[in-house]
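Q: Below is one structure. I have some questions about it.
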Amino acid sequence: MRQIIYTSVTTNPSGRAEDESVAILRQASLRNGLDGITGLLYTQGSEFLQALEGPNDSIADLLLSLTSDPRHRDLRILIDRETEDREFGDWMMVHRERRESVDDFDRRLHGLLLGVSRETAEYFRALVPA
Ligand SMILES: Cc1cc2nc3c(=O)[nH]c(=O)nc-3n(C[C@H](O)[C@H](O)[C@H](O)COP(=O)(O)O)c2cc1C
């Protein structure tokens, strides 16, 4: 199983990554289920932070789509490694729900991060306020 964590920056003129996330999650829920990909999509300001886990071939294919997706730029891979198990659980794609406050989401995210390796958690902690 391959695990990728990357950051990128929205190209939406609003400057808010959040504005793309509904459309992205709709696409992700169609494709990720079929390809065995799970993970987490976090937006903060203009930045996306995404963790993806799944079979090597599925991740490689998705990365090709992602690198040519005009909705974001400056895709920077922070972690790219083999893992035995899914660190982010069975989430199709975790995201803050509109009705959920930022605090509630951060609490949920911190809960999730208890299950990931220290290296991985550190990348998230740098982005997500403690
Ligand atoms: C920040 C970001 C995250 C994305 N995450 C996913 C994802 O988890 N799964 C997915 O299928 N598509 C995701 N997409 C969309 C893909 O880039 C691509 O548009 C979609 O998979 C359709 O690919 P295709 O046009 O090559 O068929 C994401 C796009 C962006 C900008």
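Bear in mind that the values in this text are calculations on the coordinates, not laboratory data. If you're wondering where the values come from, they're calculated on a predicted model, not measured in any experiment. Glycine gets a Cβ as well: all are built from the backbone with ideal geometry, and neighbour counts include every protein chain shown.
Q: If each of Asp103 and Arg26 carries a label point 7 Å out from its Cα toward its Cβ, how far apart are those two points in nm?
A: 3.2 nm
Q: Additional query: What is the gain in length, in nm to one decimal, between Asp69 and Arg16 on full extension, counting 0.36 nm per residue of separation less the C-alpha to C-alpha distance?
A: 17.4 nm
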